[in-house]
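Structure first, then comments.
Readers should treat all values here as calculations from the given coordinates under stated rules, not as data from a laboratory. Keep in mind it's a predicted model, so treat the numbers as computed, not measured. Backbone-built Cβ (ideal geometry, glycine too); neighbour counts: all protein chains shown.
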Amino acid sequence: MSLPPIPPSLSDRLAYEFRDYGVLRHLWHNLGPVAPGVWRSNQPTAGRLRRLKARLGLRSVVNLRGARQSDPYYRLLSHACAVNGLPLIDVRLHARKAARAEEYLAVIAAFRAAERPFLMHCKSGADRAGMAATLYRLAIEGAPLEEARRELGWRYLHLRGSATGILDHTLDLYAARLARGPIGIEDWLRTEYDPAEATRGFAERRGR
């Protein structure tokens with residue numbers, strides 16, 4: 001018989017609330033549907049997971065912030081999932097730099113492994129969650145790029161003109177490739193995507 005999860009310490013909770021801005025996420029959830037049985041949001045609390053499990057039938061959680069055992073946000077998240085009986089799948093994306101192809105492909109693999117209904121989340125639910133939701137629509141649903149990339153938009157407070165525009169630029173590179181002929185997002189990531197090229201092109205676009 002497994003032991004119950006150890007509750008986060010008071011210092012963990014204070015760090016989460018004020019250093020990680022968790023206090024802002026108590027009333028603002030940035031929750032939205034991606035596809036049937038797939039949802040996106042900012043980082044949830046144990047109480048919110050309990051309510052989502054009851055309301056949506058939630059069965060697993062995909063964490064886009066990575067498994068950082070030393071960080072209070074992760075200790076609160078892993079405890080929240082454990083007390084609610086929700087398997088947690090950890091992958092890592094970046095909001096302000098071009099991810100490696102393996103990181104994007106790991107996110108897609110996580111979607112295939114997660115039991116639906118599932119929730120994907122990052123910190124604020126705007127940028128990494130938007131890119132991940134776009135990948136879900138492209139790789140799992142086969143949606144057209146222009147439809148899928150609407151997940152990165154004002155509705156979820158994603159700002160293309162900021163440093164997080166690197167995500168939009170990456171999708172622009174994929175769009176340019178599609179203009180020359182069809183290729184699936186996973187094949188493009190495996191064989192043609194170059195994060196260094198994406199970084200250079202984005203810097204040039206911003207005049208830096």
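Rounded to the nearest 5, the antiparallel percentage of DSSP beta bridges internal to the range 1-153 is 25%.
So, with +1 on the Cβ of K and R and -1 on the Cβ of D and E, and no other charges, what is the size of the charge dipole of the range 64-166 about its Cα centre, to the nearest 20 debye?
On the way: 16 positive and 10 negative charges, 61 e Å.
The calculation lands at about 300 debye.
Taking GLU115, GLU186, GLU146 as the candidate residues, the one with maximal mean-square fluctuation in a Gaussian network model of the chain, Cα springs under 10 Å, is GLU146. Taking Cα centre as origin and charging only the Cβ of basic (Lys, Arg, +1) and acidic (Asp, Glu, -1) residues, the dipole magnitude of the chain rounds to 620 debye. Taking the C-alpha atoms only, the angle from helix 195-205 to the longest principal axis of the chain is near 70 degrees.
Phi-derived couplings, Karplus 6.51 cos²θ - 1.76 cosθ + 1.60 at θ = phi - 60°, listed residue by residue for the range 44-61: x, 8, 4, x, 5, 4, 4, 5, 5, 4, 6, 7, 10, x, 3, 10, 6, 9 Hz, with x used for Gly and Pro. A straight chain from ARG100 to LEU24 at 0.36 nm per residue would run longer than the Cα-Cα distance by 24.3 nm.
In percent, rounded to a whole number, the relative contact order of the range 1-109 is 27, using alpha-carbon pairs under 8 Å and six or more apart. Looking at the chain as a GNM with Cα springs under 10 Å, which of PRO72, PRO144, PRO33 has the largest mean-square fluctuation? Sorting by GNM fluctuation, first place goes to PRO144. Between LEU49, PRO144, ALA113, the Cα set farthest toward the positive side of the dipole of the chain (charges on each charged residue's Cβ, about the Cα centre) is that of LEU49.
What is the sum of charges around ALA148, taking Lys and Arg as +1, Asp and Glu as -1, for the other residues whose C-beta is under 10 Å from the C-beta of ALA148? Display every interim value, and only then the final one.
Numbers: positive: ARG137, ARG149, ARG150; negative: GLU141, GLU146, GLU147, GLU151.
So the environment of ALA148 carries a net charge of -1.
Multiplying the residue separation of LEU157 and ARG68 by 0.36 nm and subtracting their alpha-carbon distance yields 29.5 nm. Scalar couplings 3J(HN,Hα) for the range 161-177, obtained by applying the Karplus form with A = 6.51, B = -1.76, C = 1.60 to θ = phi - 60°, are x, 9, 4, 6, x, 4, 5, 5, 5, 4, 5, 5, 4, 5, 4, 5, 5 Hz; x denotes Gly and Pro. Judged by the gyration tensor of its Cα atoms, with axes a ≥ b ≥ c, the range 10-205 is prolate; a/c meets the 1.5 cut and a/b is the larger of a/b and b/c.
With a simple spin-label model that places each label point 7 Å from the Cα along the Cα-to-Cβ direction, the separation between ARG92 and GLU186 comes to 2.4 nm. For ALA54 and LEU10, what is the calculated FRET efficiency with R₀ set at 25 Å and r taken between the beta-carbons, to the nearest 0.05? Given R0 = 25 Å and the Cβ-Cβ separation, E is 0.35.
Relative contact order of the range 10-205: 23 percent, from C-alpha pairs under 8 Å at least 6 residues apart in sequence.
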